[in-house]
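Data block below; observations after.
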Amino acid sequence: MKLLVTGGAGYVGSVCAAHLLEAGHDVVVLDDLSTGHRDAVPGGARFVEADLAEAAGDLLGEGFDGVLHFAARSLVGESVQKPEIYWQANVVTTLRLLEAIRTHATPRLVFSSTAATYGEPESVPIREDSPTRPTNPYGASKLAIDHMITSYAAAHGLAATSLRYFNVAGAHDRFGERHTVETHLIPIVLQVAAGTRESVQMFGDDWDTPDGTCVRDYIHVDDLADAHLRALDRATPGVHAIYNLGNGHGFSVREVVEACREVTGHPIPAEVAPRRAGDPAVLVASSERARTELGWAPTRTTLADMVGDAWRFTQQRQQS
Ligand code: UDP
């Protein structure tokens with residue numbers, strides 16, 4: 001298939017673009033490099049550096065079999081401070097993309113949605129029919145896009161899939177996580193091991209969890225990419241399918257820090273800090289629907305797998 005990958009210079013987008021190329025697809029990456037990196041775009045992909053809203057129409061006019069839409073702003077804290085950025089960059093831009101898809105009758109769309117669409121869960125594991133009550137504008141913007149996609153699929157026959165990621169981790173070959181402003185736990189802990197940060201703060205040790213620190217469902221980015229390929233194959237015209245992607249098993253912040261110590265051999269000083277605003281205590285996915293309907297099953301499910309790959313990527317970056 002000829003596929004447009006928006007945000008293919010970012011973490012998840014670049015890894016998925018690499019998987020698509022390995023599977024034999026023809027890949028065009030569209031990215032404005034506002035947060036992505038030119039050298040993260042896999043060789044073999046055609047790269048277009050442009051504003052998505054402006055360029056999508058002309059590009060899709062070439063004729064594509066599908067779009068994988070990763071391009072987005074994704075910092076929860078920033079979305080609380082500057083919600084206008086999120087409504088513009090996520091919702092307005094995606095509406096322009098959907099209009100280009102409709103105009104040029106592009107048949108398929110796979111969208112990067114998020115566990116943040118659910119907000120504070122009433123119960124775990126979180127299923128796709130759990131209430132969606134996002135607690136920040138980032139999650140609200142992604143949920144608004146999910147609603148837009150549902151209506152476009154129903155009205156215009158688009159074969160659409162939203163994949164709601166839980167905590168993505170790990171790396172693929174030379175593609176991994178490198179944000180200019182790092183807020184995520186595993187890369188922050190590995191910065192300590194790499195010597196570019198003194199210590200890690202654990203945000204709260206008085207949560208209602210087995211060891212008092214927050215529990216999250218980490219999923220390897222290669223497993224995530226595999227779900228995108230399956231979603232493309234299974235897409236049905238007029239249907240918007242939504243799938244949670246997680247391991248179904250939670251790891252605490254303490255367990256993550258300990259796994260990083262084991263993988264890196266670094267003592268990694270960690271101190272307890274106040275809770276971070278907006279953090280739920282436990283987020284764990286039910287991915288039963290993806291398992292049943294996509295035949296998907298995560299294969300790199302241990303912290304050692306995920307942290308090990310992320311550490312290898314960190315070390316490669318340090319040497320280059
Ligand atoms: N966390 C932490 N210290 C940090 C960064 C994150 O204790 O420096 C915690 C955070 O409070 C959450 C978990 O690690 O409980 C995962 O946070 P992350 O930002 O990686 O992902 P999120 O779950 O917010 O999407």
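Readers should treat all values here as calculations from the given coordinates under stated rules, not as data from a laboratory. None of these values were measured; they are calculated from a predicted model. Cβ: placed from backbone, ideal geometry, glycine included. Neighbour counts: every protein chain shown.
Computed 3J(HN,Hα) for the stretch 52-61, one whole-Hz value per residue from the Karplus formula 6.51 cos²θ - 1.76 cosθ + 1.60 where θ = phi - 60°, is 4, 4, 7, 8, 4, x, 4, 5, 5, x, glycine and proline marked x.
Take every pair of alpha-carbon atoms less than 8 Å apart whose residues are at least six positions apart; their mean separation over the length of the stretch 105-213 yields a relative contact order of 24 percent.
Calculation over all alpha carbon pairs of the stretch 1-48 in 10 angstrom steps from 0 returns a P(r) of 35, 58, 7 percent. The phi torsions of the stretch 235-252, fed into the Karplus equation with coefficients 6.51, -1.76 and 1.60 and a -60° offset, translate into couplings of 4, 10, x, x, 10, 10, 8, 10, 10, 7, 10, x, 7, x, 9, x, 10, 7 Hz, rounded to whole numbers, with Gly and Pro shown as x. Segment Glu288..Thr103, full-extension length gain: 63.1 nm, with 0.36 nm per residue of separation and the alpha-carbon distance subtracted.
For the chain, the spread of Cα positions along the three principal axes, ordered from largest to smallest, is 54, 45, 39 Å.
When you restrict to C-alpha pairs under 8 Å that are six or more residues apart and normalise by the size of the chain, the relative contact order lands at 18 percent. For His249, the amide hydrogen comes within under 5 Å of the amide hydrogens of Ala285, counting only partners 5 or more places away or on other chains and with H modelled in the peptide plane.
With 10 Å bins beginning at zero, the pair-distance distribution over Cα atoms of the stretch 49-150 amounts to 15, 43, 29, 11, 1 %. Distance distribution P(r), the stretch 85-206, all Cα-Cα pairs, bin width 10 angstrom from 0: 11, 31, 32, 19, 6, 0 percent. Working from Cα pairs under 8 Å separated by at least six residues, relative contact order for the stretch 1-83 is 38 percent. Ordering Val168, Val110, His37 by the projection of their Cα atoms onto the charge dipole of the chain, which places +1 on the Cβ of Lys and Arg and -1 on the Cβ of Asp and Glu, puts Val110 at the extreme positive end. For the stretch 214-226, the Karplus equation 6.51 cos²θ - 1.76 cosθ + 1.60, evaluated at θ = phi - 60°, returns couplings of 5, 10, 10, 9, 8, 10, 5, 4, 5, 5, 4, 4, 4 Hz by residue, with Gly and Pro reported as x. The orientation-averaged shadow of the Cα convex hull for the stretch 242-291, equal to a quarter of the hull surface, comes to 5.1 nm². When only alpha carbons of the stretch 264-320 are considered, Rg and Dmax amount to 16.8, 43 Å. Take the stretch 133-268, drop everything but the C-alpha atoms, weight them equally and run the Debye formula without solvent; then report log10 I(q)/I(0) at 0.12, 0.13, 0.16, 0.18 Å⁻¹ to two decimals. Treating every Cα as an identical point scatterer, log10 I(q)/I(0) equals -0.63, -0.72, -0.98, -1.13. Taking each DSSP H run with n ≥ 4 as -39500 (n - 2.57) and averaging over every residue of the chain yields -11500 deg cm²/dmol at 222 nm.
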